[in-house]
1. State, to one decimal in nm, how far the label point of GLU198 lies from the label point of ASN174, with both points 7 Å from Cα in the Cβ direction.
2. Obtain the nm distance between the two label points defined at ARG25 and ASP119 by a simple spin-label model: each point lies 7 Å from its Cα along the Cα-to-C-beta direction.
3. Assuming 0.890 mPa s and 25 °C, estimate D for the range 98-222 with Stokes-Einstein, Rh taken as the Kirkwood radius over Cα pairs, in µm²/s.
4. Could you let me know the centre-to-centre spacing of the range 137-186 and the range 81-108, using Cα atoms, in angstrom?
5. Please report the equivalent ellipsoid semi-axes of the range 1-119, computed as sqrt(5 x eigenvalue) of the Cα gyration tensor, largest first, in whole Å.
6. Cα-based Rg (one decimal) and Dmax (whole number) for the chain, in Å?
7. In a shell of Cβ-Cβ distance under 15 Å around ASP199, excluding ASP199 itself, what net charge do Lys and Arg (+1) and Asp and Glu (-1) give?
8. Read phi for every residue in the range 154-161 and hand back ³J(HN,Hα) as whole Hz from Karplus 6.51 cos²θ - 1.76 cosθ + 1.60, θ = phi - 60°, with x for Gly and Pro.
Amino acid sequence: MGTLKLPIQRGLYAITDNRLTPPDRLLESVEAALAGGAVLVQYRDKLSSTAERLRQATDLTRLCRSAGVPLLINDDPELAHRVGADGVHLGQDDWDLADARKLLGQDAIIGITCHHRIDLAETAKAGGADYLAFGRFYQSGTKPGAPRADAQVLTEASRLARPVAAIGGITTDNAEPLVRAGADLIAVVGGLFGGSPEDIEAKAKQFSQLIALHHPLSTHSN
Ligand SMILES: Cc1ncc(COP(=O)(O)OP(=O)(O)O)c(N)n1
Ligand SMILES: Cc1nc(C(=O)O)sc1CCOP(=O)(O)O
Ligand SMILES: [Mg+2]
């Protein structure tokens, strides 16, 4: 873990996937997302062996650190601790937030899945979550069974004074209403990594530009 908590910027949150960012393309895919302006990266891998996950997480930690962008590990605070990543993303059935905080320390970034529920977000905030994630907003090939959420929850969550992430089926064509509703982080797997590897940087730039343009607190014209 770094010695200082990195700030969470508003923008694109790039999330990796075994199928779409396989081991032989993982680093170049994330590099392209970073070149396109991703402000946060999550290593999400539910299939690889422990040794492979350790290798990939170590490589990504190095890459993201050199880009000055925080790397979070999905589900696995012990792996985050081992590789010195910047934090974790935890779902409602994953590690307890307090236990993860105890292991990773105050400077770790910990994000929590809140589905479509403000009560879960309030609990997560009270427990010290660094951002609150809501979804899924659209059909998702990555997690088709995730509960549905409506964009209004993003506006309601804006009052909680924590960065708000939106996830689930988001593409450059459907992200704008979520940004307008108050999403600070647009979290994407398929809409970023699902096409041709040559297109990742351009897609990341498109996401980054539309977030900068349409967020309610943007200094650009809306
Ligand atoms: C940014 C972000 N939001 C939500 C999730 C989903 O977390 P979880 O509910 O634990 O589901 P899995 O990702 O573990 O399948 C996420 N990973 N990232
Ligand atoms: C990992 C995840 N969590 C979700 C939630 O709603 O909590 S939706 C989702 C999948 C995100 O991938 P894609 O951008 O390909 O839909
Ligand atoms: Mg999880």
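What follows is calculated from the coordinates using simple rules that are stated; it is not laboratory data. Values in this document were obtained by computation on a predicted structure and should not be read as measured data. Cβ placement follows ideal geometry from the backbone for every residue including glycine, while neighbour counts extend to all protein chains displayed.
1. Here the modelled spin labels are 2.7 nm apart.
2. Going by the 7 Å Cα→Cβ label model, 4.3 nm.
3. It diffuses with D of about 162 µm²/s by this estimate.
4. One Cα centre to the other: 23 Å.
5. Ellipsoid half-lengths, sorted descending, are 21, 16, 15 Å.
6. For the chain, the Cα-based Rg and Dmax read 15.9, 48 Å.
7. With Lys, Arg at +1 and Asp, Glu at -1, the net is -2.
8. My calculation for the range 154-161 gives 5, 5, 4, 6, 4, 6, 7, 6 Hz in order.
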